[in-house]
1. Determine which member of the set His16, His103, His36 is within 24 Å of Arg195 (Cα to Cα) and without any contact (Cβ under 8 Å) to a residue 24 or more places away in the chain.
2. Could you name every one of the strands (runs of 3 or more DSSP E) located completely within segment 109-202 that has at least 3 residues being within 18 Å of Arg240 (Cα to Cα) and either outside the structural domain of Gly235 (by TED's automatic domain parsing) or touching a strand residue (DSSP E or B) at 6+ places or on another chain (Cβ under 8 Å) (or both)?
3. Across segment 185-214, what is the total count of residues that are among the charged types (D, E, K, R) and over 16 Å from Val166 (Cβ atoms)?
4. Answer yes or no as to whether Gly12 is in contact with a strand residue (DSSP E or B) (Cβ under 9 Å, 6 or more places away or on another chain), outside the structural domain of Ala122 (by TED's automatic domain parsing) and of a type in the set (Gly, Ala, Ser).
5. So if I check each of Glu169, Glu160, which one is free of Cβ contacts under 8 Å to residues at least 60 places away in the same chain and of a type in the set (Asp, Glu)?
6. Within segment 134-160, take every residue that is touching a Ser or Thr at 6+ places or on another chain (Cβ under 6 Å) and within 12 Å of Leu190 (Cα to Cα) and give me the one that is surrounded by the most Cβ atoms within 10 Å (Cβ to Cβ).
7. Just name the residue that is surrounded by the fewest Cβ atoms within 10 Å (Cβ to Cβ) out of those in segment 166-187 that are more than 30 Å from Arg118 (Cα to Cα) and at pLDDT 95 or above.
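The values are calculated or read from the model by the stated rules, or taken from the named source; none is laboratory data. Just so you know, these numbers come straight off a predicted model, no measurement behind them. When we count neighbours, we look across all protein chains shown, and the Cβ atoms used for this are built from the backbone with ideal geometry, even at glycine.
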Amino acid sequence: MPTYRLTLEYDGTRYHGWQVQQNARSVAGELHRALHQAGIDVVELGGSGRTDSGVHALAQVAHLRLRKRVDPERLRRALDDDLPPDIHVLAVKPAAERFHARHDAVARSYVYQIATRRTAFAKRFVWWVREPLDVERMREAAGLLVGRHDYRAFCERPHEQSSTIVVVEGAEVVVVDALVLVRLVASHFLWKMVRRLVGALVRVGTGELATGDLRALVAGEIELPVATWTAPPSGLFLERVLYAGEAPLGPPRPVTPLALPPG
């Protein structure tokens, strides 16, 4: 069966996530519509994972199984001609027949953009935190997240998960001009886990949460109202989906650069 690997970028502001939904607009729903408009007989379309409502993607990966072979570049152009301007197909490439965007992925990286100043232009792509942030404390706290932990406290509806154990492979906090970037890398993430971890790191940065309390929270030794700390979706980007044999990640970079105020 002809199988293709699609790589897409999208501004998730207007969408209720990646997954097709009956009564809400989604990225996969728009892609299905564009495929139908192009006269493509689809057997299966699957993404590397769900992104929450309002969350963006720099390189979401999907597999596409078709009844008949198509020219990949002609398909890419046909899709982009019909997709709304906030969804763009970066590449369409032939893939192994059994390629599965979700099951074959070895890791996923997310980047969250925190703005340290009010912005007129990047509001849809950042979370503006008014309070000063101690970035060194945030870096120290991020280091506690690396490793195998039970992230039940940071998951929405944990009882619906087969397991809430996640191995976090990387956690970085870097400053670029007026942005604080948080990058998290893991084999998979639980529902709202990234946004709640960012919310916790921000509370460490503002001094509302002690680093030791975050350690105890991750270890399951204490309970705190983590759900109320959920960072808004506007600042979150699925940065990359990694597969075996591909190049490693480079340093985190801003998606929407934000300069420091003059003076």
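1. His103
2. Numbers: elements: 147-150, 165-176, 179-186.
Answer list for segment 109-202: 165-176, 179-186.
3. The first filter runs over segment 185-214 and keeps only residues among the charged types (D, E, K, R), leaving 192, 195-196, 203, 208, 213.
Among the residues that remain, those that are also over 16 Å from Val166 (Cβ atoms) are: 203, 208, 213.
Summing the residues that are among the charged types (D, E, K, R) and over 16 Å from Val166 (Cβ atoms) in segment 185-214 gives 3.
4. Yes, satisfied.
5. Every option except Glu160 fails the conditions.
6. My answer is Tyr151.
7. Step by step, filter segment 166-187, then rank; the result is Val167.
Residues are listed down the side, and each one gets a yes or a no for (1) over 18 Å from Arg124 (Cβ atoms); (2) at pLDDT below 95; (3) outside the structural domain of Trp191 (by TED's automatic domain parsing):
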site: Thr51; (1), (2), (3): no, yes, yes
site: Gly54; (1), (2), (3): no, no, yes
site: Ala59; (1), (2), (3): yes, no, yes
site: Arg65; (1), (2), (3): yes, no, yes
site: Pro72; (1), (2), (3): yes, no, yes
site: Leu79; (1), (2), (3): yes, no, yes
site: Asp82; (1), (2), (3): yes, no, yes
